[in-house]
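Following: one structure in structure tokens, then a few remarks.
The values are calculated or read from the model by the stated rules, or taken from the named source; none is laboratory data. All values reported here derive from a predicted model rather than from experimental measurement. Cβ: placed from backbone, ideal geometry, glycine included. Neighbour counts: every protein chain shown. Surface areas here come from the heavy atoms of the whole protein model, side chains and all, with no ligands, DNA or RNA. Shrake-Rupley method; radii C 1.70, N 1.55, O 1.52, S 1.80 Å.
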Amino acid sequence: MLAFMPSHPWRLVALTLLAGLLSTRAATAITDGSELSPDSIRAVLRTVARHQLERFGPVHDGDYTSVASLAAAEAARPATGIAWNYPWGVTLYGVLRSTDATGDNSMLQWALEHNRVVARDYAWFEQVHQKVGNEAWQEFLRHNRKIPIGALLRLGNLDSCGSMGAEFMEGILRRPADAIPEQRAVGEAIADWIEHRQDRLPDGTLWRHASRDQNGDWPAGTIWADDLYMSCPFLVRWSEYTHDPRPLTDAAHQVLQMAARLQDKDGVWFHGYSVPLKEHSPYKWGRANGWAMVAAAEVLSAMPEDHPDRAALLDEFRRHVAGVIKLQAPSGMWRQVLDHPELWEETSCTAMFAYAIARGVNRGWLPASDLTAARKAFAALCAKEITPEGAVNGTCEGTNIGTTLAFYQDRKQPSDDLHGRGVVLLAGTELLNPPVDRSNAAR
């Protein structure tokens, strides 16, 4: 198992570079991000990635001795250092991706081992499930909320699927020789939920049949822009893993069908949509736009040039980027509600836009001039929200669909909120533009 060594030489170098970058930012106005050097970006990536290991700790298997009862299962020593929730999935994906730029093999192995322990934990719990029967098992899950992978065992919503599933499959695809047989069952469970069990409208669009807005003003039945990330990044990797084009096409259709309901004429997206009322919500929340833009970038990255939906998806993505760039604040960041300049600047959407725009430029979907917006955004994050220890601040907490501006304005910004960390890693890595590692070569 891995342990973090504060005295490791990389840390002194990274903190020196990061401190220099932060002090420069504090003393000068942020312009176009041209002051960012590759070494300073790598320093940020190493520090933020290592901060996750500091906060979460090394991973350890539980006691996987065969048991015959739920009481024995509950008493067994649990696995440690693992979790299953959507912001943690984005964080682990950011850690995995950052190693392409930093070459930090210890962080790569930590993330991969996390997923192997998850898979062994899942296999053990599923054996318990088979022994005790489904009725007793479901009752056990309803009343036991301390299981680290409880959301995976329960599933029941997209939040428990696509984000963690995407990073899980990413680890398998980039290091198949290091994967274990138990990991496939995890991917199959997620694919089964998204493809066959999640509620869909007649046109196939994913929706939340029982969900309402934060005030309960709407009748039940909503579409969330957020759900594009909770499904599409997994679907494109499941398509690659199974050599089946259908999940990729499904992902493309999700983006286009949600865009038809949520994308405004200026290219920017509203947060949600009421299916019964056939109307979108009134506000363009920053992170919802980030989820939608990043999901589109992930789907486009996997699409062959001759895919029949590629042209339409490129058009949606370019209009979205163009609309968002127009709303970038002078500081380089974006606002909590994008077209309300009186609201506070928010970290997670800023990092998401920086990542997606840099990906678009790097892949030739966007003009090279758009990279200025991404670099300026990342420089602003380094100046304002990333600490020398690797904490990421200024991030909005988890958020329902709002029908009042005050709802978004009053959302909390917890210190080092998990929603901000992974997307900062993705943004910095994409600015450096290292190739995605699918080599399975030893590090």
**OP:** Using the Karplus curve 6.51 cos²θ - 1.76 cosθ + 1.60 with θ = phi - 60°, work out ³J(HN,Hα) for each residue of segment 144-152 in order, rounded to whole Hz, and write x for Gly and Pro.
**Re:** 10, 9, 9, 6, x, 9, x, 5, 6
**OP:** For the chain, with a Gaussian network of springs between Cα atoms less than 10 Å apart, report the residue from Asn433, Asn215, Asn157 with the top mean-square fluctuation.
**Re:** Asn215
Original post:
Which value, in Å³ per residue, describes the convex hull spanned by the Cα atoms of segment 188-231?
Top reply: 81 Å³
Original post:
On average, how much accessible surface per residue is there in the chain, in Å², for a 1.4 Å probe, leaving out ligands, DNA and RNA?
Top reply: 38 Å²
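Report Rg(Cα)/(2.2 N^0.38 Å) for segment 290-443, keeping two decimals.
Working: Rg = 16.0 Å, N = 154, 2.2 N^0.38 = 14.9 Å.
This ratio for segment 290-443 stands at 1.07.
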**OP:** Could I have the simple spin-label model distance between Lys131 and His143, label points 7 Å from Cα toward Cβ, reported in nm to one decimal?
**Re:** 1.9 nm
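In the neighborhood of Ala76, defined by Cβ-to-Cβ distances under 14 Å, what is the net charge if each Lys or Arg adds +1 and each Asp or Glu adds -1? Before the final figure, lay out each step's value.
Numbers: positive: Arg77, Arg120, Lys131, Lys146; negative: Asp61, Asp63, Glu74, Asp121.
Once all neighbours under 14 Å are counted, the net charge is 0.
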Original post:
Which of these, Met333, Met303, Met230, has the largest mean-square fluctuation under a Gaussian network model of the chain (Cα springs below 10 Å)?
Top reply: Met303
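Rounded, prolate or oblate, given the Cα gyration tensor of segment 264-379, with a/c below 1.5 counting as rounded?
The shape class here is oblate.
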Subject >> Share of Cα-Cα pairs in segment 67-191 lying beyond 17 Å, as whole percent >> reply: 56 percent
Original post:
What does segment 107-168 give for Rg and for Dmax, in Å, if only its C-alpha atoms count?
Top reply: 12.8, 40
**OP:** Once every Cα of segment 218-270 carries one equal point scatterer and solvent is ignored, give the base-10 log of I(q)/I(0) from the Debye formula at q = 0.21, 0.28 Å⁻¹, two decimals.
**Re:** -0.78, -1.03
Original post:
Average projected area of the Cα convex hull of segment 145-264, in nm²?
Top reply: 8.9 nm²
Original post:
Cα-based Rg (one decimal) and Dmax (whole number) for segment 343-424, in Å?
Top reply: 14.0, 39
**OP:** Please report, in whole Å, how far the alpha carbons of segment 170-328 spread along each principal axis, starting with the longest.
**Re:** 49, 34, 27
**OP:** Quantify, in whole percent, the carbon and sulfur part of the accessible surface of segment 52-210 (1.4 Å probe; protein heavy atoms only).
**Re:** 51 percent
**OP:** Mind telling me which of Ser98, Ser301, Ser40 comes out most flexible in a GNM of the chain, alpha-carbon contacts under 10 Å?
**Re:** Ser301
Original post:
If you put +1 on each Lys and Arg Cβ and -1 on each Asp and Glu Cβ, how big is the dipole of segment 210-280 around its Cα centre, in Debye rounded to 20?
Top reply: 140 debye
**OP:** Output the peptides 87-96, 103-112, 274-283 sorted from most to least packed, where packing is the average of other Cβ atoms within 10 Å over each peptide's residues.
**Re:** 87-96, 103-112, 274-283
Original post:
Taking all protein chains as present, what is the carbon and sulfur share of the accessible area of segment 257-357, in % to the nearest whole number, probe 1.4 Å?
Top reply: 54 percent
**OP:** Please report the relative contact order for the chain, taking Cα pairs under 8 Å with a sequence separation of at least 6, and give it as a percent rounded to a whole number.
**Re:** 20 percent
